[in-house]
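Asks: The structure under discussion is supplied below as structure tokens; questions concerning it will follow.
Read-outs: derived from the displayed coordinates by stated rules, not from any lab. The model shown is predicted, which means the values in this text are computed figures rather than measured ones. We place every Cβ from the backbone using ideal geometry, glycine too, and count neighbours over all the protein chains shown.
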Amino acid sequence: MNGKLVAGAIVIAAAVAGLAMYYLQVYAYYAPVAADAIRLTPVGGGAPQPVAVDDFRGIDSESSPIRFRACFTMPLSLAVLTETYAIHAAPQPLIAPPWFDCFDAAAIGAALARGEAVAFLGERDIRPGVDRIVAVLPDGRAFAWHQLNATLRN
């Protein structure tokens, strides 16, 4: 009988720890981000320039440099953006937490692969080894995320 109590206590402790880890990874460390977070790097290089956006929703976390995600509407057309700002050659949208439902990494990645969306370099080394990428669809919907750059992928 004593062994059953010990085993039960271990199972309950493991379940509580698992639920706590899930909550901490998916919900606890995220905080809202302001709309002024979106800047794009000009074609010729230089400092990233702020761009006006509408309907901004963004999240970030201090616990990891690649947890930033944002969804917004870009008032500038793709033609203007491609003439003015640097295109990113290898965008890889990262999965967002399930509760941040405006950011669908698989759909964004598919639109980029089909050539429907265009990815721009937001800011190089926004944190050491991490770039901010901004992808824009023809209808004006836009998404931003952080991804590792070549200095950390090797």
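Asks: Give, rounded to the nearest 20 debye, the magnitude of the charge dipole that the range 17-154 has about its Cα centre when Lys and Arg contribute +1 at Cβ and Asp and Glu contribute -1 at Cβ.
Replies: 320 debye
Asks: At 0.36 nm per residue, and after removing the present C-alpha to C-alpha distance, how many nm does the segment from Ala35 to Thr84 gain when stretched out fully?
Replies: 15.6 nm
Asks: Projected onto the charge dipole of the chain (+1 at Lys/Arg Cβ, -1 at Asp/Glu Cβ, origin at the Cα centre), which of Met74, Ala7, Phe143 gives the Cα projection farthest towards the positive end?
Replies: Ala7
Asks: Here's another thing I want to ask about it. Based on alpha-carbon atoms only, what is the radius of gyration of the range 33-153 relative to the globular estimate 2.2 N^0.38 Å?
Replies: In units of the globular-protein estimate, the range 33-153 measures up at 0.96.
Asks: Here's another thing I want to ask about it. Angle check, please: helix 2-23 long axis (alpha carbons) against the longest principal axis of the chain (alpha carbons), in degrees 0 to 90, nearest 10.
Replies: The answer is roughly 10 degrees.
Asks: So what's the angle, to the nearest 10 degrees on a 0 to 90 scale, between helix 105-114 and the longest Cα principal axis of the chain?
Replies: Approximately 30 degrees, to the nearest ten.
Asks: Still on this structure, I have one more. Please work out how much length the chain gains when fully extended from Cys102 to Leu76, using 0.36 nm per residue of separation minus the C-alpha to C-alpha distance, in nm with one decimal.
Replies: Taking Cys102 through Leu76 to full extension adds about 7.4 nm, to one decimal.
Asks: For the pair Ser64 and Lys4, what calculated FRET efficiency results from E = 1/(1 + (r/R0)^6), where r is the Cβ-Cβ distance and R0 = 41 Å, to the nearest 0.05?
Replies: So the FRET efficiency works out to roughly 0.50.
Asks: If you don't mind, another one. So, by mean Cβ neighbours within 10 angstrom, what's the order for 124-130, 14-20 with the highest one leading?
Replies: Top of the packing list down: 124-130, 14-20.
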